[in-house]
Every structure is written in structure tokens, then in C-alpha cells.
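> Right, I'll just put the structure down here and ask away after.
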């Protein structure tokens, strides 16, 4: 580790990151909790024909962590994608603002808490952020995506391509 490197240099990406980050999270082994990672898998496969100015990057994880704040550096837009038992079917899409909440002291963070970590560490406003919460109903260990969840996923993917990416200059 380089002890004399200023924090600003450590936080500056070596290569410019893609302008849009799509981060899907959830446990692929817990039924509909796989909606976030499955969304990313399918969106990545469909993104080959998309032309988003500045590019688009896809990431998956089991849950949001403080380290994900660093994945936001240099981005214009971040889209967090997760399964939700509380979202209206087929999904909801909302703007997210940086905010401290109770999740900052747990092992998993909310999107708002990740944005707050970004603001605290980087010292500036985070990129624009949206949460795409896809309705899930069954989160049992070892289960596959349910029929309703698959339909909700299809609707969320269509919305993402039509609305979110269009607003970012895509097709």
C-alpha cells in the first residue's frame, strides 16, 4: 500500500468509468430475491445494441455495502435494482437521495445510505440515482423465480430500456 498517496488520488478512477451504473443486488438462491441480479444479467445481454453516451456498466452483489459508494465515482446516473415485497406490481422506480438511516450500522446498506457514504467520503454530491424495486413474492431458500416475478421482471426491463435509458440519450 502506498502510504504517501493523497486521498484525492486514491478516489480518482484510473480509467474513466461508464457514465451509467446499473447495480442489481439480491441472493440468487432465494427465489424472487434473485430479481436484482437476474435483471442485470438480462439487461447486460440486451445492452449490446444500446448506445448510451459515456457507456453503461453492470454490477451485481448480494447486498449493498459501503464499498459500493466508490463504484459511483465519475458516474452520471446510478440505478439500483432490487426485489421488493412492498413494491406495487410490477415494479416501482423512484429517485433516491443521500440520507443517513439505520442501515449505516448494519452489514447491508440502503441505496440512500450508500449515497450518503459517497457524499461523506468524496466530499461532493453523488450522481443522480434511481431505485428500481421489482415486486417479488416468494423468497424461500432454494426456490426459483416465481411466475409473477418473471412477469414483473419483463415489465421492469421494458421500462428500463424505454424510459431510463432513453432519458440518458439511448435509443
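> In the range 66-76, what residues are in contact with a helix residue (DSSP H, G or I) (Cβ under 8 Å, 6 or more places away or on another chain) and either within 25 Å of residue 136 (Cβ to Cβ) or part of a helix (DSSP H, G or I) (or both)? Lay out the reasoning, then the answer.
Applying the first criterion (in contact with a helix residue (DSSP H, G or I) (Cβ under 8 Å, 6 or more places away or on another chain)) to the range 66-76 yields 66, 68-70, 72-73.
Once the filter is applied, which keeps residues that are in contact with a helix residue (DSSP H, G or I) (Cβ under 8 Å, 6 or more places away or on another chain) and either within 25 Å of residue 136 (Cβ to Cβ) or part of a helix (DSSP H, G or I) (or both), the range 66-76 yields 66, 68, 69, 70, 72.
> I would also like to ask the following. Of the residues 137, 158, which is at pLDDT 90 or above, within 18 Å of residue 36 (Cα to Cα) and assigned to a helix (DSSP H, G or I)? Reasoning before the result, please.
Numbers: 137 fails: assigned to a helix (DSSP H, G or I).
Answer to the selection: 158.
Okay, residues lined up against (1) buried (at least 21 other Cβ atoms within 10 Å of the Cβ); (2) in a helix (DSSP H, G or I):
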| residue | (1), (2) |
| --- | --- |
| 79 | yes, no |
| 82 | yes, no |
| 88 | no, no |
| 115 | yes, yes |
| 121 | no, yes |
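The values are calculated or read from the model by the stated rules, or taken from the named source; none is laboratory data. What you see is a predicted model; the values in this text were computed from it and never measured. Here Cβ is always computed from backbone atoms with ideal geometry, including for glycine, and neighbour counts include all displayed protein chains.
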